[in-house]
Amino acid sequence: MELFKIEKPNFSLIDTLGVLKKYEKDVFYYGDAVFKVSEPVYFYWDKIKYKQSPKELNSIEFWYLVKHIRTANLKKTPIQAANGEFFKWLRLSYTDELLHKFDIAVGGEIFSRYQNIITPYGKQRLLTKSIIEEAIASSQLEGAVTTTPTAKKMILENRAPKDKSEQMIINNYKTMQLLRDEYKSKLLDHETLFELHRSITNKIIDSKNQGRYRKDEDNISLNDRIKYIYHIPPNELFLKKEMERLLSYANDENSVGFIHPVIKAIQLHFWVGYLHPFYDGNGRLARTIFYWYLLKKGYWAIQYLPISLVIKQARQAYGMSYIYSEQDSYDMTYFYDFHMRKIIEALNNFYFYIDRKTKENRTLENKLEKDFALNERQKELLRYFLVKGDDTYITPSSYIELYKVSRMTASSDLKYLEKEDLIASKKIGKYVRYSGTKKLKEYYD
């Protein structure tokens, strides 16, 4: 296999001094052209060469000008490459606006517009749904082939995983819960990192390869197993040295000035991905550390945003954001720009989902409340049956998992709904499944 390399134009073919003189004569015109290929998407040469170049410049001359202006404004990050260079990033003009939007929403006000609509049990169901989706998508990004519906049923019904893909998803789900319940208050030291790695790779890789940093003899690389190698991680001596710096940075030790938590979480995500510190599970761990840091900094609502779900929909762009960042003069802006836009996309998807569900639910609730004494969990369940359709069912175990209630409470809720003929039970082997009835559907019509 050969190392994949991004295309780079030959600047020796152009008059670079002449390009800069043209720029100096009309700074605003050429500056605006550069801005348009840097925001709202931070493009590399392979895209820019197909765009209309500004007057008096061909595509290579324009790319040279883009590189010149970007380089002049790049700032060093703490992330060091194997050759001693430091990765850099450009604070794009949209940064403050998007961070402000994120702070307001994910810093605690994510449900502000729904205060009289979303109940505590509704929030719990949303949280469970989001963590499940993050666990599944993060695993699918790393090769898990289990379908999303199958994986959701496995988690909600507390079924044991049947293969490596399902085990990977279960591990991710349990790890996300550990972050929320335990690890968000911990410092990130070597042993804590090893514990997270063991949780992510439990029953997937040999125990001798869990909870330890990779070695040169492991011969780890990121490749397509056919033709290209996309990344060769640094050697183990460099890795051990850099892990000390990474952990110190993650724990906010020796930081120079304030760095917004989102920016820092993205940097940690990239840093773990670049160092690739473990034998396996590095991608899942990198995204886990992203969540850990934001939870640690008080952004509790980040749990409601399954970032991996939107990343999975742009899997190739995700991979290329790493490659551009490493191969284009260590400009990490490609990764930052991709990740920041995906965070906001996940936030917008959350609001869209809630708005749509709210409209769907109002009419149904008005009808049901007239005839039945339902608690909020039961209302949530009935809405779930109606929206998902005829093949949808729930078990007592999945009800407990969704709403975090006791088995006695789950049994009481389900028995009342069955008594009122809104749901019906059916025994399949040792499991009892509940589904919506014809009477329930009549309330939706």
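The values are calculated or read from the model by the stated rules, or taken from the named source; none is laboratory data. Source: prediction; values computed, not measured. So basically every Cβ, Gly included, is an ideal-geometry build from the backbone, and we count neighbours across all protein chains shown.
Of all residues in region 119-152, those being of a type in the set (Lys, Arg) and at pLDDT 90 or above number 2.
Of all residues in region 189-216, those that are in contact (Cβ under 8 Å) with a residue 40 or more places away in the chain and buried (at least 17 other Cβ atoms within 10 Å of the Cβ) have Cβ atoms under 7 Å from Cβ atoms of residues that are assigned to a loop (DSSP other than H, G, I, E, B) and of a type in the set (Val, Ile, Thr), 6 or more apart or on another chain, in Arg214/Ile220. Checking every residue in region 150-161 against the condition of being of a type in the set (S, T, N, Q), under 30 Å from Met332 (Cα atoms) and surrounded by fewer than 17 Cβ atoms within 10 Å (Cβ to Cβ) gives zero matches. Of the residues making up region 316-327, not a single one is within 15 Å of His231 (Cα to Cα) and in a loop (DSSP other than H, G, I, E, B). Taking the conditions (1) in contact with a Leu (Cβ under 9 Å, 6 or more places away or on another chain); (2) surrounded by fewer than 18 Cβ atoms within 10 Å (Cβ to Cβ) in turn, Arg383 satisfies each one other than (2). Total residues in region 135-152 satisfying the condition of being without any contact (Cβ under 8 Å) to a residue 60 or more places away in the chain and polar (S, T, N, Q): the figure is 4.
For every residue, the table says whether it meets (1) touching a residue at least 12 places away in the same chain (Cβ under 8 Å); (2) within 30 Å of Lys430 (Cβ to Cβ).
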{"position": "Thr95", "(1), (2)": "yes, no"}
{"position": "Leu99", "(1), (2)": "yes, no"}
{"position": "Ala105", "(1), (2)": "yes, no"}
{"position": "Phe111", "(1), (2)": "yes, no"}
{"position": "Thr119", "(1), (2)": "yes, no"}
{"position": "Arg125", "(1), (2)": "yes, yes"}
{"position": "Glu133", "(1), (2)": "yes, yes"}
{"position": "Met154", "(1), (2)": "yes, yes"}
{"position": "Lys162", "(1), (2)": "no, yes"}
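With respect to Ile14, is the statement that it is touching a residue at least 40 places away in the same chain (Cβ under 8 Å) and in contact with a Lys or Arg (Cβ under 9 Å, 6 or more places away or on another chain) true? When the stated conditions are applied, Ile14 does not pass them. Of all residues in region 1-41, those being outside any helix (DSSP H, G or I), among the hydrophobic types (A, V, I, L, M, F, W, C) and more than 36 Å from the chain's Cα centre (by Cα) number 1. Just give me the residues in region 1-20 being over 18 Å from Ser59 (Cβ atoms) and not basic (Lys, Arg), in sequence order. Answer for region 1-20, where residues must be over 18 Å from Ser59 (Cβ atoms) and not basic (Lys, Arg): Met1, Glu2, Leu3, Phe4, Leu17. Could you please let me know if Phe335 is in contact with a helix residue (DSSP H, G or I) (Cβ under 6 Å, 6 or more places away or on another chain) and at pLDDT 85 or above? Yes.
Taking region 172-188 as the range and being surrounded by 20 or more Cβ atoms within 10 Å (Cβ to Cβ) and touching a residue at least 60 places away in the same chain (Cβ under 8 Å) as the test, the residues that pass are Asn172, Thr175, Met176, Leu179, Tyr183, Leu188. Please verify whether Lys359 is surrounded by 14 or more Cβ atoms within 10 Å (Cβ to Cβ) and of a type in the set (D, E, K, R), treating the condition exactly as stated. It is false that Lys359 is surrounded by 14 or more Cβ atoms within 10 Å (Cβ to Cβ) and of a type in the set (D, E, K, R). Just one of the listed residues (Ile263, Ile226) is in contact (Cβ under 8 Å) with a residue 24 or more places away in the chain and surrounded by fewer than 15 Cβ atoms within 10 Å (Cβ to Cβ), namely Ile226. Scanning region 87-123 for residues that are loosely packed, with under 13 Cβ neighbours inside 10 Å and either assigned to a helix (DSSP H, G or I) or among the aromatic types (Phe, Trp, Tyr) (or both) gives Asp96, Glu97, His100, Ile104, Glu109, Ser112, Pro120.
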